[in-house]
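The values are calculated or read from the model by the stated rules, or taken from the named source; none is laboratory data. Quick caveat, the model's predicted, so the values are computed rather than measured. We place every Cβ from the backbone using ideal geometry, glycine too, and count neighbours over all the protein chains shown. SASA here: full protein model, heavy atoms, side chains in, ligands and nucleic acids out. Shrake-Rupley method; radii C 1.70, N 1.55, O 1.52, S 1.80 Å.
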Amino acid sequence: MISIDNLSKQYGSTTVVDRVSLDIERNSITVIVGTSGSGKSTLLRMINRLVEPSSGRVLIDGNDTAGEPAHLLRRRIGYAIQGNGLFPHRTVAENIATVPRLLGWDDTRLRARVLQLLTVFQLDPAEFAGKFPHQLSGGQQQRVGVARALAAEPAVLLMDEPFGALDPIIRAKAQDDLLDIQRRFATTIVLVTHDMDEAFRLGSRVAVMSRGRVLQYDRPAVLITRPADPFVSQMTGLADRAMRLLSLTTAGEAVIPGAAGGPVIAASASLRDALSELVWRGAESVAVVDADGAPLGRLTVAAILAHGRPG
């Protein structure tokens, strides 16, 4: 879907992004993570040419983005940022409709899309369509910002620290919403964050950057169990590595045969959640059930901890 080929950016004698190459799969969430100044946001902005590369290429569906006028490229790539960047003088509906209106959508299609997105983001159109950004909570503003980025039905959505300004509870809900939206619209999402927990929660693949280079690009479980160098190991968290690994595996994936009484947990819950339930209840095992409540088997503390040992 997106191929980043030997991409670099220099400002004078300073190299901000240094010969980065990544292949990003269609209909996935790829997260770029790194400390401040690592080059992650610059790399993201070169995809839609908000920052022009010094060298290298970005290809979307095999087409070099350098061959397309930058303003047209940006209209077909969604872009959401921290703070949302909503136009304060425009209503929620007008904000969401920004790019489709630039693309010349007719009013009927435009209204239908705004209504759809407000509904998907659980913002009652009758209540929220006519409000202005200052009348919304931080979480509501964030949802409108993402809705605006998705309004023109882009195949690609870029997100630069989109949840950084939200408090932890609202942030967790926003992350869940994003996963649901990605599944619903099958959008290819590239997201930048400095939060490794967020990267592991959202990303099917994660790129760890430092000093303009990608040190490792792989699935979260590989980053945790086989970090490429000491910096990646530090980023993934030496002390928390086992618990992070448990967060990546569901109870349904680790269930063992046998009946269990006592606590019940859904197959979709993480092993970290299952372990917390066992410790909280003081139980020896927990029953695992599917979405319909049918028993699948059980989990014990020993079985859960076996999955948390980095290999």
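The stretch between Ala306 and Leu103 holds 67.7 nm of extra length on full extension. This uses 0.36 nm per residue minus the Cα-Cα distance. In the context of the full set of protein chains, the stretch 76-129 has a per residue accessible area of 54 Å² (1.4 Å probe). Of the residues Ser21, Ser13, ranked by 1.4 Å probe accessible area with the largest first, the sequence reads Ser13, Ser21.
With a simple spin-label model that places each label point 7 Å from the Cα along the Cα-to-Cβ direction, the separation between His134 and Asp5 comes to 4.9 nm. Working note: Cα atoms of the stretch 185-311, range along each principal axis, descending, whole Å: 52, 36, 22. Distance between the C-alpha centers of the stretch 185-221 and the stretch 3-28? Whole Å please. First find each Cα centre; the distance between them is then 14 Å. Given Met196, Thr119, Ile265, which one lies farthest toward the positive end of the charge dipole of the stretch 115-268, if we put +1 on the Cβ of every Lys and Arg and -1 on the Cβ of every Asp and Glu? Positive-most Cα among the choices belongs to Met196. Here the simple spin-label model places points 7 Å from the Cα toward Cβ, and for Ser276 and Arg19 these points are separated by 4.4 nm. Using a cutoff of 8 angstrom between alpha carbon atoms and counting only pairs six or more residues apart, the relative contact order for the stretch 160-208 works out to 40 percent.
Label-to-label distance for Asp292 and Gln234 is 5.2 nm, based on points extended 7 Å past Cα in the beta-carbon direction. In the assembled protein chains, Leu136 presents an accessible area of approximately 20 Å² (probe radius 1.4 Å).
With the whole protein complex present, His89 retains an accessible surface near 120 Å², based on a 1.4 Å probe.
Estimated from helices alone, the mean residue ellipticity of the chain at 222 nm is -10500 deg cm²/dmol (sum of -39500 (n - 2.57) over DSSP H runs with n ≥ 4, per residue).
How big is the dipole moment of the stretch 150-301 about its Cα centre under a simple scheme where the beta carbon of each Lys and Arg is +1, that of each Asp and Glu is -1, and everything else is neutral? Debye, nearest 20, please.
Details: 15 positive and 19 negative charges, 87 e Å.
The calculated dipole for the stretch 150-301 is roughly 420 debye.
Between helix 271-281 and the chain there is an angle of about 50 degrees, using the helix long axis and the longest principal axis of the Cα atoms. The C-alpha atoms of the chain define a longest principal axis, and helix 168-185 lies at about 70 degrees to it.
When only the Cβ of Lys, Arg, Asp and Glu is charged (+1, +1, -1, -1), the dipole of the stretch 66-210 relative to its Cα centre reaches about 380 debye.
For the residues Glu277, Glu94, a 1.4 Å probe over the protein chains yields an accessible-area ranking, largest first, of Glu94, Glu277. Extension gain for the segment Ile169 to Gln122, taken as residue separation times 0.36 nm less the Cα-Cα distance, is 15.2 nm to one decimal.
With contacts taken as Cα pairs under 8 Å and at least 6 residues apart, the stretch 1-135 reaches a relative contact order of 21 percent. Rolled with a 1.4 Å probe across the full set of protein chains, the surface gives Glu68 an accessible area near 50 Å².
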